[in-house]
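Written out below as structure tokens is the structure these notes cover.
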Amino acid sequence: MARKITFRQAIHEALVQEMTRDPTVIVMGEDNAGGMGAPGEQDAWGGVLGVTKGLYHQFPGRVLDTPISEAAFIGAAIGAAACGLRPVAELMFIDFMGVCLDQILNQAAKFKYMFGGKAKTPVVIRTMIGAGLRAAAQHSQCLYSLFTHVPGLKVVIPSTPYDAKGLLIESIRDNDPVIFCEHKLLYGLEGDVPEESYIVPFGEASVVREGDDVTVVALARMVHFAQQAADALQRKGIHCEVIDPRTTSPLDEDTILESVEKTGRLVVVDESNPRCSMASDIAGLVAQRAFKALKAPIEQVTAPHTPAPFSDVLEDLYVPSPAKIEAAVTRVREYR
Amino acid sequence: MAAIHKITLPKWGLSMASARVNGWLKDVGALVKEGEELLEVETEKITGVVATPGGGVLRRQLAQVGEVVSVGGLLAVVADADVPETEIDAVVADFRANFSETSAAEAKAGAEPEKVVVGGRTLRYLRRGQGSDVVILVHGFGGDLNNWLFNHEALAAARTVYALDLPGHGESSKDVGTGTLRELAQAVAAFLDAVGVSSAHLVGHSLGGAVALALAAAEPQRVRSLALLASAGLGAEIDAGYIEGFVTAANRNALKPHAAKLFADARLVTRRMIDDLLKYKRLEGVEASLRLLSERLFGGGRQTTVLREELAGLHQPVLVVWGSEDQIIPVRHASGLPPSVRVEVIPGKGHMVMMEAAGEVNRLLNAFWS
């Protein structure tokens, strides 16, 4: 762990190391190369937030710029995966999945099952999630629960540079389609990342912080908000156990249940809308499987059931905050 | 003038910023000797004990059980019985007036690990202290230089002390070549060359002890003394289940029972310690290196190289330290050694004796060298 790099650099490094190791790994998406209306071939933005910058010249012929047609290039990536490549497709915003949903949930997710295990689809779809960039209703959603719902897909949601690199390497090597969700406001986050290649396995939650009083399960950017809340609560003598599932499909149910067996209290923090969300899913899991351990009703801290607002003021209210998490923890702690 | 010792929270490892006080081992008014353990504290990574740098009476406990203290913060005051209370109060007040958490953390941060390329391999090491006497700390199988976090600073008061990551370990290159003891000993000799040290006191733990012993046998002129802690190479027996379990464990639940065997007190194995071990094991190349080393060194569940004869032939001073409750390599390997070898068995402690009995091991080593 000799050096600190950003979340963005960690993802870039995972791509470089896997493309170096395995010639079947290719990268495709909008503005990965060329783009911007410039003539000829050049290294462009490297995707909308610069993650793939530099790959175009480093791996000639293996970084493909695509038209702005998600249905076409996600379909192409899935087809290429079925035929032996390991494509990493960048689909700017998870909000745009709607236009290629059949390719993902009816084709990629079903191949292995419908072809009796003879087909594999090792495609990774990297996509941005989350509010906070003032990007309004069509560029701010956290739709990971939509994909978690579909059997045959794996859903990965890293919150740290270390996890981003290890989980992306695992995603590329995995033989099933993976939806890899990157929170836009985490790209600049720095953390310790080994220079070597390594993996973080799916279905293994990270216990970010240990505590005996309240279990807080959080995803993506919310992991950091939960940590801030836990810091403030510790000064008041309340010790939170903060759990980051890291992947929602598969979900590490045991780590969550074991923690609630210990604390008897659960707060789930999820930036997405509340209905049929990871918050409601995890709350349901615990209510069913750890009911006897519960000492208080489960609290869910989520965005409201509305689109992400364009107004700065309203967007700040829309996203769960450390203060809201702190209040929820306090409520379950004080419940009699 | 009567001595007043201020006991502050040490920094164990680069990332440590604070620790929680788990409990006091000595009451106010207790008579304590230099190096005696005063309290137990818990960081995110590890539970450790803080010892007093000098003897006297424990005059003040300045942190409550459960309190979180910053690195460098004042924990206790030890002073002779005849030092007046007012003088103790003045020392505490003076410390608190001048203590700044950030500057203390920076001052305590100390050296950072460095890297050197030796024979095509990168070796990571941490150097502390100054002085013409040089000490090299060599960790065991699956360990790294952080295994010495309770010892490194305490041993470096009057010496230059290097802790290194063996090939295949920590942040050193994962290539272990043939995976033999000779290969590892040569890597340590090449490291000595690279840092410009002609001869040194070697301290080896477990596999690191066998490596140190092999180096002393092959190049005796480079080794001024040997300290072997729970050392491999002194008998054939080893807990084969531990070696196999450590190599194959792929997740927390699989690794935890094996890591627990390293300590007499299994509570010392924190979740962070397990997580850090898993992070290491998941680095590309580590599993293959550990597999090769375990086959070469512990093939068939026994230690393949026993160096008792080589030990008998050495002219350097040798200290052997063992925890009586070692579950990995039996403490009876400390028996029947040549009479010139000084043997210390520490009761109630396990395989990671330099962590579990840090104060005592530090005291033994410092006395051994002086």
Item checked: Rel. contact order, % - alpha carbon contacts under 8 angstrom, at least six apart, the range B:1-150 -> 23 percent
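Against the empirical 2.2 N^0.38 Å scaling, what ratio does the C-alpha Rg of chain B come to?
1.00
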Check: How do A:F310, A:F59 rank when sorted from fewest to most other Cβ atoms within 10 Å of their own Cβ?
Finding: A:F310, A:F59
Margin query: From the phi angles alone, apply the Karplus equation (6.51, -1.76, 1.60; θ = phi - 60°) to the range A:315-320 and give each ³J(HN,Hα) in whole Hz, x where the residue is Gly or Pro.
Written below: 5, 4, 6, 5, 6, x
Note to self: So if I restrict to the alpha-carbon atoms in the range A:1-143, what is the Rg, and what is Dmax, the biggest pairwise distance, in Å?
What the structure shows: 15.7, 46
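For the range B:4-109, what is Rg from Cα atoms divided by 2.2 N^0.38 Å, rounded to two decimals?
1.02
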Item checked: Value in Å of the Kirkwood radius, where the range B:236-319 supplies the Cα pairs that are averaged -> 14.6 Å
Checklist line | Whole-Hz ³J(HN,Hα) from phi, Karplus 6.51 cos²θ - 1.76 cosθ + 1.60, for the range A:158-175, glycine and proline x | finding: x, 10, 9, x, 4, 5, 4, 5, x, 6, 5, 4, 4, 4, 5, 7, 6, 8
Next item on the list: Mind checking A:194-206 for the average number of partner chain beta-carbons within 10 Å of each residue's beta-carbon?
Entry: 4
Notebook entry, point to check: Using modelled backbone amide H atoms (1.01 Å from N, in-plane), which distant-in-sequence or interchain residues come within less than 5 Å of A:I26's amide H?
Noted result: A:R86, A:V88
Check: Mind listing P(r) for chain A? All alpha-carbon pairs, 10 Å bins, whole percents.
Finding: 6, 26, 34, 23, 9, 2, 0
Notebook entry, point to check: Taking amide hydrogens as modeled 1.01 Å from N in the peptide plane, which residues meet the under 5 Å criterion relative to B:A227, leaving out close sequence neighbours?
Noted result: B:L202, B:V203, B:G204, B:L319
Margin query: Using only Cα atoms and rounding to the nearest 10 degrees, what angle (0 to 90) does helix A:322-334 make with the longest principal axis of chain A?
Written below: 40 degrees
Note to self: Based on alpha-carbon centroids, what's the gap between the range B:274-335 and the range B:112-180 in Å, whole number please?
What the structure shows: 16 Å
Margin query: Cut-off 10 angstrom, C-alpha nodes, Gaussian network model of chain A. Which of A:M97, A:M114, A:M19 fluctuates the most?
Written below: A:M114
Next item on the list: Between beta-carbons, use under 14 Å as the cut-off and find the net charge around A:I172, counting Lys and Arg +1, Asp and Glu -1.
Entry: 0
Check: Highest GNM mean-square fluctuation, chain B, Cα pairs closer than 10 Å: which of B:L38, B:L229, B:L207?
Finding: B:L38
Check: Rg (Å, one decimal) plus Dmax (Å, integer) for the alpha carbons of the protein assembly as shown?
Finding: 28.1, 87
Note to self: When the expected Rg is taken as 2.2 N^0.38 Å, what fraction or multiple of it is the alpha-carbon Rg of the range B:71-178?
What the structure shows: 1.48
Checklist line | Value of relative contact order over chain A, rounded to a whole percent, pairs C-alpha under 8 Å and six or more apart | finding: 16 percent
Notebook entry, point to check: With the contact rule set at Cα under 8 Å and sequence spacing of 6 or more, what percent relative contact order holds for the range A:4-192?
Noted result: 26 percent
Notebook entry, point to check: Where the centre of each part is set by its Cα atoms, how far does the range A:172-220 sit from the range A:58-72, in angstrom?
Noted result: 27 Å
Checklist line | Proximal charge balance of B:A236 [Cβ under 11 Å; K/R count +1, D/E count -1] | finding: +1
Notebook entry, point to check: Using a simple charge model, +1 on the beta-carbon of Lys and Arg, -1 on the beta-carbon of Asp and Glu, nothing else, what dipole does chain A show about its Cα centre, in debye to the nearest 20?
Noted result: 540 debye
Next item on the list: Quick one: grab Rg to one decimal and Dmax as a whole number for the range A:206-334, Cα atoms only, in Å.
Entry: 13.7, 43
Check: What net charge is computed for the residues neighbouring B:E87, neighbours being all others with C-beta under 13 Å from the C-beta of B:E87, Lys and Arg scored +1, Asp and Glu -1?
Finding: -2
Next item on the list: Please give the calculated 222 nm ellipticity per residue for chain A, where each DSSP H segment of at least 4 residues contributes -39500 (n - 2.57) and the sum is spread over every residue; nearest 500 deg cm²/dmol?
Entry: -10000 deg cm²/dmol
Check: Just B:T160, B:T122, B:T178 to compare: in a GNM of chain B, with alpha carbon springs under 10 Å, which one fluctuates most?
Finding: B:T178
Checklist line | Charge dipole magnitude, Cβ of K and R +1, D and E -1 - the range A:206-334, Cα centre, debye nearest 20 | finding: 340 debye
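A short reminder: the numbers here are calculations on the coordinates, not readings from a lab. This structure is a prediction, so every number in the text was calculated from the model and none was measured. All Cβ positions, even for glycine, are placed from backbone atoms using ideal geometry, and neighbour counts span all protein chains on display.
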